[in-house]
Amino acid sequence: MQEKQHKIVLIGGPSTGKTTILKALKEKGFHCFEEVSREITSNAQKNGIEQLFLTNPLLFSEMLLEGREKQYHDAEKSSESIIFFDRGIPDIKAYLEFFNTRYPSFFSEKCISYKYDFIFHFSPWETIYKTDNERYESFEESVLIDKFIVKTYTNLGYKIINIPFGKLEERVQFIVNYLNKES
């Protein structure tokens, strides 16, 4: 019989180090699911839509939900005991609320249906902040988005584990040590 599987989400505003940490965790042999939104944004850009979320936030969010649900189901099929996600389903709701977008109730319902075990939060960190083709938000917007994300997960009853600023390996080790302590 397989031990309990732990689904772990890395959260925070844009450009807080989540993806870099996820890659480092993957290099250490952990099973990791990358951020879905980059692929959606990139595909939309290939079709002439610079920022699909800004053009059609509900369509983007529905596509994102579909991708994150698939990741969740793929995780459940896995024999891995620890699985990391670069963002979770509640992030979608947080972004919709940040942009003051009306959304169907199923977004909230999915946040309740899909449960995660640990939520690691990466605070905005101006020193490492940068934009790119898929990340258009300013640092100030990142700070505000971060507040919506933390509020959304907190309101869903999750305990938020804050990752301290520091070197890549220190941040990765903080996560590994935390998980070892909780096992």
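The values are calculated or read from the model by the stated rules, or taken from the named source; none is laboratory data. Small disclaimer: the values here were computed from a predicted structure and weren't measured. Don't worry about glycine lacking a Cβ; one is built from the backbone with ideal geometry, like all the others, and counts go over all protein chains shown.
Summary of computed values
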| quantity | calculated |
| --- | --- |
| Some residue of region 8-15 being of a type in the set (Ser, Thr, Tyr) and either touching a helix residue (DSSP H, G or I) at 6+ places or on another chain (Cβ under 6 Å) or under 15 Å from PHE122 (Cα atoms) (or both) | yes |
| Number of the exception - PHE122 against (1) over 25 Å from PHE174 (Cα atoms); (2) touching a residue at least 60 places away in the same chain (Cβ under 8 Å); (3) not charged (D, E, K, R) | (1) |
| Search result, residues across region 16-58 that are part of a helix (DSSP H, G or I), aliphatic (A, V, I, L, M) and closer than 28 Å to PHE165 by Cβ | ILE21, LEU22, ALA24, LEU25 |
| Any hit, region 75-90, residues being surrounded by fewer than 20 Cβ atoms within 10 Å (Cβ to Cβ), at pLDDT below 90 and not acidic (Asp, Glu) | no |
| Boolean, LYS70 is touching a helix residue (DSSP H, G or I) at 6+ places or on another chain (Cβ under 7 Å) and part of a helix (DSSP H, G or I) | no |
| Counted residues, region 36-48 - those being touching a residue at least 40 places away in the same chain (Cβ under 8 Å) and surrounded by fewer than 21 Cβ atoms within 10 Å (Cβ to Cβ) | 3 |
| Per-region count, region 1-15, residues at pLDDT 85 or above, in a loop (DSSP other than H, G, I, E, B) and under 13 Å from SER78 (Cα atoms) | 2 |
| Residues located in region 13-35, provided they are surrounded by fewer than 18 Cβ atoms within 10 Å (Cβ to Cβ) and charged (D, E, K, R) | LYS23, LYS26, GLU27, LYS28, GLU34 |
| Helices (runs of 4 or more DSSP H) contained entirely in region 74-183, each with at least 1 residues that are under 23 Å from ARG38 (Cα atoms) and among the β-branched types (Val, Ile, Thr) | 89-98, 139-155, 168-182 |
